[in-house]
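Student: This is the structure, below, for whatever I ask next.
Derivation of every value follows stated rules applied to the coordinates shown; laboratory data play no part. Since the model is a prediction, treat every value here as computed from it, not as a measurement. All Cβ positions, glycine included, derive from the backbone under ideal geometry; neighbour counts span all protein chains shown.
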Amino acid sequence: MISKFRADLGLLSVTFFWGTTFIVSKLVLVDVPLPVYLVIRLTIAAVAMNLYALRFRKEWNLKLILNGSVLGLLLYLSYFFQMWGIQFTSASNAGFITGMSVVLVPVFGFFFFKLRPSVNVLFGIVLASAGLLLLTGANPLHWNDGDLLVLVCAVAVAFHVIYTGRFAPRHNVYLLTSMMLAMVALLSAAALPFSNFEWPALTLRHWGVLAYLGLFGTVFTFLMQTAMQRFTTTARTALIFAMEPVFAALFAYLIAGESLTLSGWIGGLLIVFGMISAEVPVFKRNKKRG
C-alpha cells in the first residue's frame, strides 16, 4: 500500500515530464504539422503500452474496455480543444484556462459525486489559482471564442482526473492505461483525413524527440497518474497538476532561454506553496475527502 505522500510524489513526477514536453513540442512543431505530431506521438505511446500490457491479456473485460475508452475520449477532447482554441487566443490565456482545471475538479467532484475536499486542499487551490494567473500573465476579464474552446479542454481535463480516480482502483492499471492510449491514438488517426497538411520529411532527430514524447511524455505520465490516483484524492491530484506550468516555464527558461517576469516567479512560488499546503496539516481536515 502506497502512502498518500508517496502517491503525491509520483503525481509530481508526472508534472515534471509534462513540463518538459511544452518546450520540446514547440521545437518539433516547427517542422512537423500538428496532426502528424499527435498521431505519431500517440501511436508510439499506444503501441508501447499495449505491447507491455499483453502479459495481462487474461484480465481484459468489457467494463475495462468501456472505462478505458471513456478516459481516452476525454483525453482526446482535451488535446483537440486546447489545440483548436489556442489558434484564436493568447498562449497565456490558454495556459491559465487549462490550468483552471485545478478549480473545476473539486467543483465537479462535489456536485456530481459528493466528494468534499479538505480545507487544506481548498486553501492550496486558491493559492495555485492566483499563482497560475501571475505565472501566465493571462487576462481573465477578456474572453474570446478561443478562450471558450480552451475552457472545454479544461472541463475535459477535470473529468479525466475525476474518472481516472474512479476507474483506476477497479482495474489493472496497465490495461486501463493501454486502452485509454489506444482510444486516443485511434481518434487522432481518424481526424487525419479532415486535416490540411503535408507529410514532412522526418529526420532521426524528429523520431527521437517524438519517441521521447510518446514514451516519457505520454506512457510514463499517464501510467503513473492512473497508478497513483488509487492512493490519493482527485482534488489533491488536480492541485499537484497545477505544477505543470511551473515546470514548463522552468524548462523554457533553461533550454530555450525564455525569460520569466518577476510576477511569473511569484506565481510559480504561489503554486508551489499551494501544493505544499495540502501536505502540511495547518487546518483541520474534513472527514470526507475529495
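Student: What percent does the relative contact order of the chain come to when contacts are Cα pairs within less than 8 Å and at least six residues apart?
Tutor: 43
Student: How do the peptides 37-43, 236-242, 201-207 rank, highest first, by the average count of neighbouring beta carbon atoms within 10 Å per residue?
Tutor: Highest-to-lowest ranking by the protection proxy: 236-242, 37-43, 201-207.
Student: Find the all-direction average of the projected area of the Cα convex hull for the stretch 80-130, expressing the result in square nanometres with one decimal place.
Tutor: Over every viewing direction, the Cα hull of the stretch 80-130 projects on average to 4.2 nm².
Student: Quickly work out the Phe111-to-Ser259 label distance, labels modelled 7 Å from Cα along the C-beta direction, and quote it in nm with one decimal.
Tutor: 4.1
Student: Continuing with the same structure: Which of Gly137, Gly165, Gly99 ends up with the largest GNM mean-square fluctuation for the chain, with Cα atoms connected below 10 Å?
Tutor: It is Gly137.
Student: Now for a different question. If I model a spin label as a point 7 Å beyond the Cα along the Cα-Cβ vector, how far apart are those points for Leu66 and Arg230 in nm?
Tutor: Each label point lies 7 Å from its Cα, and together they span 2.2 nm.
Student: Could you tell me the ratio Rg/Rh of the chain? Both radii from Cα atoms, Rh via Kirkwood.
Tutor: For the chain, the value is 0.95.
Student: When the chain is fully extended, how far beyond the present Cα-Cα distance does Val119 get from Phe5, taking 0.36 nm per residue of separation?
Tutor: Stretched out fully, the Val119 to Phe5 stretch lengthens by 39.3 nm.
Student: Sticking with this one: Any idea what % of Cα-Cα pairs in the stretch 200-263 are farther than 16 Å?
Tutor: Across the stretch 200-263, Cα pairs with separations above 16 Å total 66 percent.
Student: Gain in length, Ala201 to Leu250, computed as 0.36 nm per residue apart minus the alpha-carbon separation, to one decimal in nm?
Tutor: Here the segment from Ala201 to Leu250 would lengthen by 14.6 nm.
Student: If I take R0 = 25 Å and measure r between the Cβ atoms of Phe194 and Phe88 in this structure, what FRET efficiency does the formula 1/(1 + (r/R0)^6) give, to the nearest 0.05?
Tutor: Efficiency, from the Cβ-Cβ distance: 0.85.
Student: Diagonalise the Cα gyration tensor of the stretch 26-106 and give the resulting equivalent ellipsoid semi-axes, square root of 5 times each eigenvalue, largest first, whole Å.
Tutor: Semi-axes (√(5λ), whole Å): 29, 19, 9.
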